[in-house]
């Protein structure tokens, strides 16, 4: 069996408690980290080829290198735990089952960059994760892993859990910072970037939960070892969330660069009986859909880009032949319209308009002109907003139309959804309305 890193403690009873975590070797790497200086730690992070695990995939070591080195400057760590991408559910596993791993990573990051305060910004709906983190942080304070003069090494570091209001847009780092400051979660214009002007207008490092949770292993085994467990420019193992019409949905750890086919067959147990794979989304709802012919694509940022999509969060949704792609498009448009912060007109108005048109097409009320209209609308949204929220709708919907255009045309021509399952569901919704 392959050695586990990020999910090592997932199957251990009460590993979220400090005593169990320590029995498994938890916090044992802290002395090694404290013996390293900033340059050495950043060098190891760069060697590791660890990419941001929240979706953007920016090289972690490079991002750390942007932070000011002046020890007199007040700096902050913000852990992005606002996991709200539809189809993504990996970070919550770390927070619920192995919160001390995340805390240990925060302490090491604070030591490396001279940070005195950290916030874990958690999606409000993840109540179990919030409770587990709060208990774990209290335990860490009592044991001297947090607070004044951590382990006698001269580090003063306080860590807090901040519960968000549940807005998807707070997953964008500047929208998250605005929310943390008590303001509406509306993304800021960049530059300046958070490493220069972040929370409370101070330099801030924003990293995803899984990214910070990988730090203890990288510093324990070395950056080159972590890089060796992946492919070029995509180092280390990763947590993959598998969902959809498969036999064994769940969160699984596997190397970066593993193929989608192996994840489906080896971990996901294949498609359900009687189901044939129609399409899959490789990294959360904002990614372009791919066809079965791309099953042998490797899970990496460059490799999936070559396949016509993106790595995103690395959480894959598999869909069988009963899936109505028009309905899926309409549901996504509804989600992105609901979650728009409203700051940019193309996103605020365009996502809602797209939902109305797509919903009409799916209901059999669309016209041939609507097919051209939806293309024109999403073109008007793309690239015309402060953040990438609008594009998060444009990219998948455009791919659905490109790859399943006939389904959209059939809805318009036949004045109904050709998939009995969805037709029955819509009729039921109408009767209960």
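The values are calculated or read from the model by the stated rules, or taken from the named source; none is laboratory data. Since this is a predicted model, take the numbers as computed values, not measurements. Cβ placement follows ideal geometry from the backbone for every residue including glycine, while neighbour counts extend to all protein chains displayed.
Would you tally the residues in the stretch 143-155 being in contact (Cβ under 8 Å) with a residue 24 or more places away in the chain and in a loop (DSSP other than H, G, I, E, B)?
Residues meeting the conditions: 4.
Looking only at the stretch 156-180, filter to residues that are at pLDDT below 95 and assigned to a loop (DSSP other than H, G, I, E, B); which one of those is surrounded by the fewest Cβ atoms within 10 Å (Cβ to Cβ)?
Taking the candidates together, the pick is 165.
Residue 329 fails exactly one of the following numbered conditions: (1) closer than 30 Å to residue 184 by Cβ; (2) at pLDDT below 90. What is the number of that condition?
(2)
Failed condition for residue 358, given (1) in a helix (DSSP H, G or I); (2) under 27 Å from residue 123 (Cβ atoms); (3) under 21 Å from the mean Cα position of the chain (by Cα), with all others met?
Of the numbered conditions (1) in a helix (DSSP H, G or I); (2) under 27 Å from residue 123 (Cβ atoms); (3) under 21 Å from the mean Cα position of the chain (by Cα), the odd one out for residue 358 is (3).
Check the stretch 69-76 and report whether any residue there is surrounded by 15 or more Cβ atoms within 10 Å (Cβ to Cβ), assigned by TED's automatic domain parsing to the domain that holds residue 159 and in a helix (DSSP H, G or I).
There is no residue in the stretch 69-76 that is surrounded by 15 or more Cβ atoms within 10 Å (Cβ to Cβ), assigned by TED's automatic domain parsing to the domain that holds residue 159 and in a helix (DSSP H, G or I).
List the strands (runs of 3 or more DSSP E) that sit entirely inside the stretch 198-300 and contain at least 3 residues that are modelled with pLDDT of 95 or more, touching a strand residue (DSSP E or B) at 6+ places or on another chain (Cβ under 8 Å) and buried (at least 22 other Cβ atoms within 10 Å of the Cβ).
On the way: elements: 204-208, 237-244, 250-255, 277-281.
The strands (runs of 3 or more DSSP E) meeting that bar are 204-208, 237-244, 277-281.
Return the total of residues in the stretch 39-60 being farther than 17 Å from residue 231 by Cβ, in contact (Cβ under 8 Å) with a residue 24 or more places away in the chain and part of a helix (DSSP H, G or I).
5
Rundown of residues vs (1) surrounded by 23 or more Cβ atoms within 10 Å (Cβ to Cβ); (2) without any contact (Cβ under 8 Å) to a residue 60 or more places away in the chain; (3) farther than 23 Å from residue 61 by Cα, yes/no style:
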{"site": "93", "(1), (2), (3)": "no, no, yes"}
{"site": "110", "(1), (2), (3)": "yes, yes, no"}
{"site": "116", "(1), (2), (3)": "no, yes, no"}
{"site": "123", "(1), (2), (3)": "yes, yes, yes"}
